[in-house]
Each structure stands twice: as structure tokens, then as C-alpha cells.
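K.L.:
Below is a structure I'd like to ask you about.
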Amino acid sequence: MKCRVCREPAVIDLRRHNANFCIEHFLRLCRDQVAKAIAEHDMFAPEDRILIAVSGGKDSLALWDILLDMGYQVDGLYIGLGIGEYSEQSVTYVEKFVESRDVNLRIIDLPTEYGYDIPSGSRAAKRTPCSACGLSKRHLFDQAATEGGYDVVVTGHNLDDEAAVLLGNTLRWQSDYLGRQKPVLPAGHGFPRKVKPLVRLGEREMAAYCVLTGIDYIVDECPKAVGNKHLGYKEVLNLLEAQSPGSKHDFYAGFLARAVDRFASAEDETIDDRPALRPCTACGAPCSSEVCAFCRLVERATQDVPVKLGPTAKKEPTSL
Amino acid sequence: MKVELRNPNRTLEFKGTMSVVALLNRLELNRESVLVIRDGTLVPGDAMLAHEDHIEIRSVISGGNS
């Protein structure tokens, strides 16, 4: 296999581009795709202060590397989730990257600073671990961006992530979620601007970027995510992709080009009907009730009260 | 050749030479979901793997969903 650009030996074949690339031209492709996404969706300007949410995984570390190479000012934020060995390992990859690139990193450790971890928080709040994790991360990213005076929060959501979320939302016709599924979430109501510069790159490309640039990342999957629906959607989409390369891109890009605004207008109409946002009485974050969902989760997770179990229903004998 | 896989971690051994695509087909793995790594760098689908090669097959799928 030869590189499509220079005809030197290729290291990766990208079937959706019907092309192969050498190291140099593959890395250039990744940077070009990020630059295109930033320009196409007007994500941020060169003078903006950027806060990147990093996990120790391939996507966020690769994106941080690319943005730094492009000359942007990007600080990192890592949330320690308290998921045993997985969290202990993931932070070491972030710290190693920070040392190699001499950049700023803030670490917020949930067990140390808030007195709970994701496993206990999810049990106490009766949420799935992924739901408790997402709620905690969103709140802390928003808070850190606002307190730090950042112009924008960037996350490492890639094409596969967005296509999988789109599939899940479409299967249930969740019009409110569909209307918000854009690469840019504007600032407003006290929330910072959030953007996803990796929407033109798949996760195979991001893993390849890390291997080829020598970025070490946590390869093992989060033990709390194993077997979740999101991973199932990705598996299904990759089966389609193998049969018909380009399907994931066409699905997501077609949605952005031809469908999202139809759902967005439906979403806009419902915004006025929602109760006005006001500051959370505990932390001051904008929310629609007296206490925000994050503070309620912290309160439940740190209460020293055992979970009450109801009486077990007696099973009636069944006959075949 | 020795082939390392993860989740669960295991090492498989194969005799002779074969292409990357043939190895993935034999393991029933989707090319879209993995990278094949030899000596710290990537090898494309048509590359031939030798008997003495040490290969890592790395899944690229990750992520929870909130």
C-alpha cells in the first residue's frame, strides 16, 4: 500500500476516504480535519482561552496535542472519578502528557474534594454509573470554565461518539436531544460555550494518531462502561461501516446538514416554556430547581444512611 | 507469530505468514474497530505478517454515554 499523497509506504488504510497514508500525511490529515471542523462551525478564535476536558484516553489527549500544535492556548481539566485502578492509571497518562508538553492542568478529585466516587454516587442517586459520571463532569467543567474565565470548553467527542448518540436518539425519536446534537453548544444562561473539534475524525483515527505520535493513553475501557448501550450502538455502526465505508460520516454529516435544524426549531419553541434558570442555593450554578442535580447527587452520595430495601415480594409458583 | 489481544488480555500463536486482513478475519474482528501494531507502529490491511512477528491488536472503541 502506498500513501495517496507521496507514494511512500502507507501505515494506515482509511476505507471511508478510499485512501492510504504514510505517517506524515496521516498526521496532516488529522490536523486538517480538526482545522476544518473549527472553521466550519466557527468554534473558537486564535486568541480565545480554551479549557479541554481530558480523561487520559486517546481522544482528549490527541485533541490537546493537535490544538497545541495549531498554536491555540489550551489548559486541561481532569476529573478524578474514583473508579479504582482505572482512575489511578488514567491520571498518570494525563500527567505524562502534561509534562511532555509543559502545559497547565487542573485536577479535581471527586473522592477528595466532594467525598464520593462514581460507583457510590451512582448507587446513592439511583443513576447508572455513566449518568452519574456525565452529570458530575458537565457540572465541574462548566464551573471550572466559568471560574477560570475561559472562552470555551472543548471535549474529545469524535465522529463515532456522535454517530452512536445520534443512533440512540433516533431509535427513540428524542426530538429534544436531537435538536441539541450539534458540534457547538453556545454559551448562555450562565453556561460556557462547548465545542467538539473531533467530529470529522473517527476513533480509529484518534487511536492511530496516538500510536504514531507516541502519546501513551489508557487503552482499557472504563469498567463501568463495559456493555453499555452506547458501545452497542458503536458496534452496530461499525458493522455497517465495514459493509459500506463512509456510512458513519454520511449518517452524522447528513443529519447536521439536513435534519438537526428541524429538531432544533422544535427545541427552541420549548425553551420559553421551561422554568427560568436561577442560581442553585448550594453552589450558585444555573438550574431550574432550588438545588442543582449535581448538589443533590453529592448530598445523597455523602449521606451516611444505609439504603432502605423494601419487602421482597413472594414469588408465586409458576407452571409451564 | 504471537498476537496480543485485550479485554480480556491474552496471547495467541499462529504459524506461518498471513496478511493483516487475513489475521483479522481469522479472529472474526472488524477492521473498523481495531488497529494492528507491530514494533510500535501501525501496519495496514495488506501488510504481510511474518512467523516471528509480535503483534498487538488494539481495540479503538471506547466511551460511556451520559
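Here's the yes/no breakdown for (1) free of Cβ contacts under 8 Å to residues at least 40 places away in the same chain; (2) within 27 Å of A:Leu201 (Cα to Cα); (3) surrounded by 22 or more Cβ atoms within 10 Å (Cβ to Cβ):
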residue: A:Arg101; (1), (2), (3): yes, yes, no
residue: A:Asp109; (1), (2), (3): yes, no, no
residue: A:Arg123; (1), (2), (3): no, no, no
residue: A:Ser131; (1), (2), (3): yes, yes, no
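K.L.:
Among the candidates A:Pro192, A:Pro183, which residue alone is touching a His at 6+ places or on another chain (Cβ under 8 Å), within 22 Å of A:Leu68 (Cβ to Cβ) and away from chain B (no Cβ under 14 Å)? Step through it out loud before you land on a result.
P.N.:
On the way: A:Pro192 fails: touching a His at 6+ places or on another chain (Cβ under 8 Å).
From the options A:Pro192, A:Pro183, the qualifying one is A:Pro183.
K.L.:
Could you grab me the full set of residues in the stretch A:30-53 that are within 14 Å of another protein chain (Cβ to nearest Cβ) and in contact with a strand residue (DSSP E or B) (Cβ under 7 Å, 6 or more places away or on another chain)?
P.N.:
The answer is A:Ala53, and nothing else.
K.L.:
Which ones in the stretch A:140-167 are outside any loop (DSSP other than H, G, I, E, B) and surrounded by fewer than 16 Cβ atoms within 10 Å (Cβ to Cβ)?
P.N.:
A:Glu147, A:Gly148 - these are the residues of the stretch A:140-167 that are outside any loop (DSSP other than H, G, I, E, B) and surrounded by fewer than 16 Cβ atoms within 10 Å (Cβ to Cβ).
K.L.:
To continue, here is another question. Of the residues A:Phe44, A:Phe26, only one is more than 30 Å from A:Gln89 (Cβ to Cβ), touching a helix residue (DSSP H, G or I) at 6+ places or on another chain (Cβ under 8 Å) and touching a residue at least 40 places away in the same chain (Cβ under 8 Å); which?
P.N.:
A:Phe44
K.L.:
Next up: Does the stretch A:8-38 hold any residues that are crowded, with 19+ Cβ neighbours inside 10 Å and charged (D, E, K, R), and which are they?
P.N.:
The answer is A:Asp13, and nothing else.
K.L.:
In the stretch B:7-52, what residues are farther than 18 Å from A:Ile12 by Cα and in contact (Cβ under 8 Å) with a residue 40 or more places away in the chain?
P.N.:
Once the filter is applied, which keeps residues that are farther than 18 Å from A:Ile12 by Cα and in contact (Cβ under 8 Å) with a residue 40 or more places away in the chain, the stretch B:7-52 yields B:Asn7, B:Ala50, B:His51, B:Glu52.
K.L.:
So for the stretch A:101-122 (the condition being assigned to a helix (DSSP H, G or I), under 30 Å from A:Ile66 (Cα atoms) and out of contact with any Gly (no Cβ under 9 Å at 6 or more places or on another chain)), does at least one residue qualify?
P.N.:
yes
K.L.:
Looking at (1) more than 14 Å from chain B (Cβ to nearest Cβ); (2) modelled with pLDDT of 95 or more, find the lone condition where A:Thr155 falls short.
P.N.:
Result: A:Thr155 passes all but (1).
K.L.:
So A:Leu63 passes all but one of these: (1) surrounded by fewer than 16 Cβ atoms within 10 Å (Cβ to Cβ); (2) of a type outside the set (D, E, K, R); (3) touching a Gly at 6+ places or on another chain (Cβ under 6 Å). Which condition number does it fail?
P.N.:
The failed condition is (1).
K.L.:
Right, something else. Go through the stretch A:7-16 and report how many residues are closer than 22 Å to A:Ile66 by Cα and away from chain B (no Cβ under 13 Å).
P.N.:
0
K.L.:
Looking only at the stretch A:216-228, which residues are at negative phi, surrounded by fewer than 20 Cβ atoms within 10 Å (Cβ to Cβ) and more than 7 Å from every other protein chain (Cβ to nearest Cβ)?
P.N.:
Correct list: A:Asp216, A:Pro223, A:Val226.
K.L.:
Is it true that some residue in the stretch A:48-56 is surrounded by fewer than 19 Cβ atoms within 10 Å (Cβ to Cβ) and modelled with pLDDT of 95 or more?
P.N.:
So far as the stretch A:48-56 goes, yes, one or more of its residues are surrounded by fewer than 19 Cβ atoms within 10 Å (Cβ to Cβ) and modelled with pLDDT of 95 or more.
K.L.:
Which condition number in (1) of a type in the set (A, V, I, L, M); (2) more than 26 Å from A:Phe44 (Cα to Cα); (3) in contact (Cβ under 8 Å) with a residue 24 or more places away in the chain; (4) buried (at least 16 other Cβ atoms within 10 Å of the Cβ) is the one that A:Val211 fails?
P.N.:
Going through (1) of a type in the set (A, V, I, L, M); (2) more than 26 Å from A:Phe44 (Cα to Cα); (3) in contact (Cβ under 8 Å) with a residue 24 or more places away in the chain; (4) buried (at least 16 other Cβ atoms within 10 Å of the Cβ) one by one, A:Val211 breaks only (3).
The values are calculated or read from the model by the stated rules, or taken from the named source; none is laboratory data. These numbers come from a predicted model, not from an experiment. Virtual Cβ from ideal backbone geometry, glycine too; neighbours counted across all protein chains shown.
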